[in-house]
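Down below is the structure, laid out as structure tokens.
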Amino acid sequence: MRSTSSANTCPKTGNPLPNLPIPDPLLSLTPGTWAYDTMSRRLNDDILQRTYEENEDAFNSPLFATALERFNKLRSELDDAANTKLRHVQFESTDGRSADVVAREEAEWKSIMQPYIDNGDTWLSAPWLVTEFYAYRRLIEALGYYDKSNSDTFMYDPFLVAKRAGLLSSVNSAENMLEKIVSLPNTKEGVALAAAFALWGNKMDLSIWPADSENASLDVFVNILNAADENLLHDDTDLLTERCEVLRERGDGKIDIIVDNAGFELVTDLALADHLVASGVAQVVTFQLKGHPTFVSDALEKDLLETVEHYSSLDPEKYPNAHAAGLRWQKYLDEGKWVCHEDNFWCQPNAMWEMPNPLRADMKERCDLA
């Protein structure tokens, strides 16, 4: 559906739609496109194959027998993606979550999938965004992630190996970046730089954080990030920093950070939150995290907590800045200045204007900035 007026509202939630027209969704029907390659090859041949290889011992253990059978069935569907019709996500009678949480997620996924099931869509003819999110939820279903009757599969993260590798490899790059974070001024410019670190977190590596004294000045990092800004489609930095100044003056700011990936990208999110609290912009930072493993590297609460624990346990002589940051972060968590919140909305193919309650109501009433 297209929107041409800001007066229009989302039919699912009643929330306002964007001012600009909403483009038609991308399908996976055209060979040579990213969507087609993802749904017809990459998801199965690359991602699920690597997932199997990284979990081969567990997947072939007796208590994973049903999970492996369902996992292989999912892969068979993707092998014939052009002809396999979509079905609803199935929920375990032994789901370990509360009944209201299960009912809400089941209703959400039924609402998402019903139009495509009614239309007889396949993995390729339904919108690419829908089918890729759906594939990861089907993986969670196949593995029995929520099945409390099986202690081996219950809450088993199939992407843990990949995420831990990202965590371990993040430290060298983060060491120099974290030194810069603590020296940022408590001004609009400091917020802008901390936000830019987080924004470009998935592009950062050692080449961006030169450690030699000649390149240690803040001006070098400003120039690097200004060059990166050329790739922005839209820049609301001025609005962000103005709002942060209001919150700093007020002294009781509550800010939410919507987290994407674990690894170095998560560390840059933590660095931003560190600056917001330390500089007085935020009294509390809430991290909005995925409700279950998805898209391989997406972060859950446990990934954030493991990151903080890992950094706080680093050798202070080898990684003084990362170690000190880890200790600060743990203190923020202990004091309630940092809060983690998981929600399945972040694992679903919905736009922000489709955000349901209670998440939308909570964010609207509680936080000053997200």
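The values are calculated or read from the model by the stated rules, or taken from the named source; none is laboratory data. Everything numeric in this text was worked out from a predicted model, so none of it was measured. FYI the Cβ positions are ideal-geometry reconstructions off the backbone, even for glycines, and counts take in every protein chain you see.
Details
- Counted as qualifying within region 119-199 are the helices (runs of 4 or more DSSP H) with 3 or more residues that are in the same structural domain as Glu317 (by TED's automatic domain parsing) and closer than 26 Å to Val267 by Cβ, namely 160-182, 188-199.
- In the condition set (1) crowded, with 18+ Cβ neighbours inside 10 Å; (2) farther than 23 Å from Pro11 by Cα, Ala99 is compliant with all but (1).
- Yes/no for Thr268 being within 30 Å of Leu43 (Cα to Cα), assigned by TED's automatic domain parsing to the domain that holds Met177 and among the hydroxyl-bearing types (Ser, Thr, Tyr): yes
- Failed criterion for Leu206 (all others in (1) at pLDDT below 65; (2) in a helix (DSSP H, G or I) hold): (2)
- Top-ranked residue in region 311-356 [being in a loop (DSSP other than H, G, I, E, B) and acidic (Asp, Glu); ranked as nearest to the chain's Cα centre (by Cα)]: Asp315
- Yes/no for Leu68 being farther than 20 Å from Pro127 by Cα, in the same structural domain as Asp121 (by TED's automatic domain parsing) and either touching a residue at least 12 places away in the same chain (Cβ under 8 Å) or buried (at least 17 other Cβ atoms within 10 Å of the Cβ) (or both): yes
- Scanning region 245-262 for residues that are touching a Lys or Arg at 6+ places or on another chain (Cβ under 7 Å) and outside any strand (DSSP E or B) turns up Glu245, Ala262.
- For region 21-65, the tally of residues that are in contact with an Asp or Glu (Cβ under 9 Å, 6 or more places away or on another chain) and in contact (Cβ under 8 Å) with a residue 40 or more places away in the chain stands at 9.
- Flag if Leu43 is surrounded by 12 or more Cβ atoms within 10 Å (Cβ to Cβ), over 30 Å from Ser151 (Cβ atoms) and not β-branched (Val, Ile, Thr): no
Yes or no, residue by residue, for (1) at pLDDT below 95; (2) exposed (fewer than 12 other Cβ atoms within 10 Å of the Cβ); (3) of a type in the set (Phe, Trp, Tyr); (4) not assigned by TED's automatic domain parsing to the domain that holds Ile181:
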residue: Val220; (1), (2), (3), (4): yes, no, no, no
residue: Asn226; (1), (2), (3), (4): yes, yes, no, no
residue: Leu233; (1), (2), (3), (4): yes, yes, no, no
residue: Ile257; (1), (2), (3), (4): no, no, no, no
